[in-house]
Structures are given as C-alpha cells and as structure tokens.
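Just below is one structure, and these are the notes that go with it.
The values are calculated or read from the model by the stated rules, or taken from the named source; none is laboratory data. All of these numbers come straight from a predicted model, not from anything done at the bench. Cβ atoms come from the backbone with ideal geometry, glycine included; neighbour counts cover every protein chain shown. What goes into the accessible areas is simple: the full protein's heavy atoms, side chains included, and nothing from ligands, DNA or RNA. Shrake-Rupley method; radii C 1.70, N 1.55, O 1.52, S 1.80 Å.
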Amino acid sequence: MRTFQQLSPLRTYLRGIREEGKMVGFVPTMGALHEGHLSLVRRAKADCDVVVVSVFVNPKQFGVGEDFEVYPRPLARDQQLASEAQADAMFLPTVEEMYPAGFQTVVDVPGLGSLLEGAHRPGHFAGVATVVTKLLNMVQPHRAYFGQKDYQQLLLIERVARDLNQTADIVMVPTLREADGLAMSSRNVYLTPEERQAAPVLSRVLKYAEAQIHAGDADLPTLTAELAALVAAEPLAKPDYIALVDPETLEPVLNLTETPVLIALAVRFGKTRLIDNALVAPPGITLPRTRGVKM
Ligand code: AMP
C-alpha cells in the first residue's frame, strides 16, 4: 500500500492509474478504523480496481466543545488495517495541506444541513460538505463509498454531488454492528463499561420501530411515544432526538403506512453522543432505490 501526505504525488499516482483505464474507488474517513470502515474498503475493492482511503480529522466539522482534540488518531494501526483490507493507497493530508493560509470557501447545504444532526451541531455539515468536496476534487474517484450509519451525511453529499456536477458515483454501504446491535463507531471507545452496556438501546429502538412498521398498522403518535419510552427506560440514555422522517427530505412523515421512513436517533451517554438509523418501508411500499448504488 502506498501512503501519501501531499496532494501532488497522490495526483501523479492516480493519473497513472486512470491512464491505464482502471477504476478508482474512494473511502474518506476520520481514521480510528474499525470493521465498519473496513466494510467500505472491501466493498470498494470488490467494485473498483484501485482503492484510496483517506484519514483526515477535519477540524471544520467539529463544534466548539466537541471532541476534535481528543478524537482517537491511531495512525500506524489504521495503515495496517487499511493495508490488510487491500486498500491500494492511503491519503493522510495535514490540516495545512487541506486548509492552507488564506482558505475561505465554504460548501453549505442550508436545507438538509440544518435538520436533525444539523440542528444539534451548528456548522457541522458545512464542514463535512466542504471537506468531502475537496477530497473528491483531490482524488477524483469513479466511486466514493459512505456508510448508512451517517445517513444524513450521505444524503447531503449526494445533494452536493448533484448540485455541483461532481462526477463520482456516491455509494451507500449498510451499517456494520457489534454482536449486541451497537453500530460500530470510532466514538464507542469513549463509553464507560456501564454506558457501553446501555448503548444497544439505540438498535433495540430501531428494531422495535421496524417491526411495528412492517406489521402495517403502525400509528405515528403511538409509535413515537413508545420509542421515547423505550429510550427513557434506559437511565444512562439522554436523547437529543428520536425522529421519524422522509428518507429524501428529512421532513417529518405524516403516517407510517403509506411511505418509507427513516428512523433517526441521537442519544447521549454521559459525554458521548451516538447516532444510529434505520430505513423502513410499510408492507407494499418499496424503499426508494437503495441510495446511491449504481451497479
Ligand atoms: P468516520 O471516520 O466516522 O467519518 O466514518 C467514515 C465513513 O465510514 C463514513 O462514510 C461512515 O458513515 C462510515 N462508517 C462509520 N461507521 C460505520 C459502520 N458501523 N458501518 C458502516 N459504515 C460506517
């Protein structure tokens, strides 16, 4: 596996790859790689000839008082894991490479970017959209892979790709979970043993909601109250939001029997904030095309 810190040698390497007619897949990450990230790498490797993984802890997407300084950065381990997952190249830009003196431009998606996560983390999605736009411009992949775990991020990146005529196909990869249902996340290491035991309440809530909606007669006010009660039954869990929304617009759904639903959760356990989601359709309704997948 090749490792690049600077853009110029990465571009030279990738130009050669493209001239050979090879397909380039790209997996942007903030590092502290886990099996969830590696499932994106493996999927990219199955689809493409050459896979580039980036690790960049993007200061612009962290709010004041968030965990930018303490975010885990086990770089040597990340390189080993990416290499074992058959990545061909790693791009590890510095903050100075990404945001040189004088940098000003912001990519903002005010509609989608202000809902759900955006309402709780002001500026977060402008930071995400800006860095992902830059990374896509730097790597110029044929396909870029994102996890359903961060569904709103994926939706926003698709919006930017369409709005700004970016050429990469955006591909969604399902959320990888621990045996007890907890979605894998670099932030799970922050949980105390007690919080770690409490955290699977997120996936239990999603499973419950899914079963109710699949049954075909779910009632919106009842289910909303039941989900809140399930979270409240876990004393360490403090919800930021429990949302039942349209998977395309992220606006609240009006009923649970006629349209697909995104159930999105953000819950705090002590100092750690976890998110999770599920896409569900009632009987007879199909989920919109599996997001982004273009085979
Ligand atoms: P992050 O390093 O948290 O920015 O994540 C990098 C990419 O990995 C994003 O596209 C995430 O959605 C994806 N990802 C993170 N956790 C998981 C998971 N448990 N399963 C699948 N994809 C994930």
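Just checking, does the range 85-94 include any residue being without any contact (Cβ under 8 Å) to a residue 40 or more places away in the chain and not aromatic (Phe, Trp, Tyr)? No - not one qualifying residue is present in the range 85-94.
Count, please, the residues in the range 151-171 that happen to be closer than 19 Å to Leu33 by Cβ and assigned to a strand (DSSP E or B). Number satisfying all stated conditions: 1.
Anything in the range 16-31 that is open to solvent by 50 Å² or more (accessible area, probe 1.4 Å) and farther than 26 Å from Ala129 by Cβ? List them, or say none. Result: Glu19, Glu20, Gly21, Lys22. Among residues of the range 223-250 that are open to solvent by 60 Å² or more (accessible area, probe 1.4 Å), those with a beta-carbon under 6 Å from a residue that is among the charged types (D, E, K, R) at least six positions away or on a different chain give the pairs Leu236/Glu195; Lys238/Arg268. Restrict the check to the range 145-153 and report whether at least one residue is under 17 Å from Arg11 (Cα atoms), open to solvent by less than 40 Å² (accessible area, probe 1.4 Å) and within 14 Å of the ligand (Cβ to nearest atom). Taking every residue of the range 145-153 in turn, none turns out to be under 17 Å from Arg11 (Cα atoms), open to solvent by less than 40 Å² (accessible area, probe 1.4 Å) and within 14 Å of the ligand (Cβ to nearest atom).
Could you tell me which residue of the range 117-141 is most open to solvent (accessible area, probe 1.4 Å), considering only residues that are out of contact with any Ser or Thr (no Cβ under 8 Å at 6 or more places or on another chain) and outside any helix (DSSP H, G or I)? Looking at residues that are out of contact with any Ser or Thr (no Cβ under 8 Å at 6 or more places or on another chain) and outside any helix (DSSP H, G or I), I get Pro122.
Taking the range 177-186 only, how many residues are over 14 Å from Leu206 (Cα atoms) and surrounded by 17 or more Cβ atoms within 10 Å (Cβ to Cβ)?
Residues of the range 177-186 that are over 14 Å from Leu206 (Cα atoms), as a first pass: 178-179, 184-186.
Now drop any that are not surrounded by 17 or more Cβ atoms within 10 Å (Cβ to Cβ), which leaves 178, 184-186.
So the answer is 4.
Kindly evaluate Pro74 against the criterion of being at pLDDT 95 or above and over 14 Å from Met30 (Cα atoms). No: the conditions fail for Pro74. Selection within the range 159-176: residues that are within 13 Å of the ligand (Cβ to nearest atom) and surrounded by fewer than 20 Cβ atoms within 10 Å (Cβ to Cβ). The member of this set that is nearest to Ser203 (Cα to Cα) is Leu176. Of everything in the range 124-137 that is within 16 Å of the ligand (Cβ to nearest atom) and not β-branched (Val, Ile, Thr), the residue that is farthest from Thr167 (Cα to Cα) is His124. Just to verify a result, which residue in the range 257-295, among those that are out of contact with any helix residue (DSSP H, G or I) (no Cβ under 8 Å at 6 or more places or on another chain) and charged (D, E, K, R), is modelled with the lowest pLDDT? The selected residue is Lys294. For the range 251-267, the condition of being free of Cβ contacts under 8 Å to residues at least 12 places away in the same chain and not aromatic (Phe, Trp, Tyr) holds for at least one residue.
Restricted to strands (runs of 3 or more DSSP E) entirely inside the range 9-116, those with at least 1 residues that are within 13 Å of the ligand (Cβ to nearest atom) and hydroxyl-bearing (Ser, Thr, Tyr) are 24-29, 50-55.
You will find that of Tyr208, Tyr190, the residue that is touching a helix residue (DSSP H, G or I) at 6+ places or on another chain (Cβ under 7 Å), of a type in the set (Phe, Trp, Tyr) and either closer than 30 Å to Asn137 by Cβ or open to solvent by 20 Å² or more (accessible area, probe 1.4 Å) (or both) is Tyr208 and no other.
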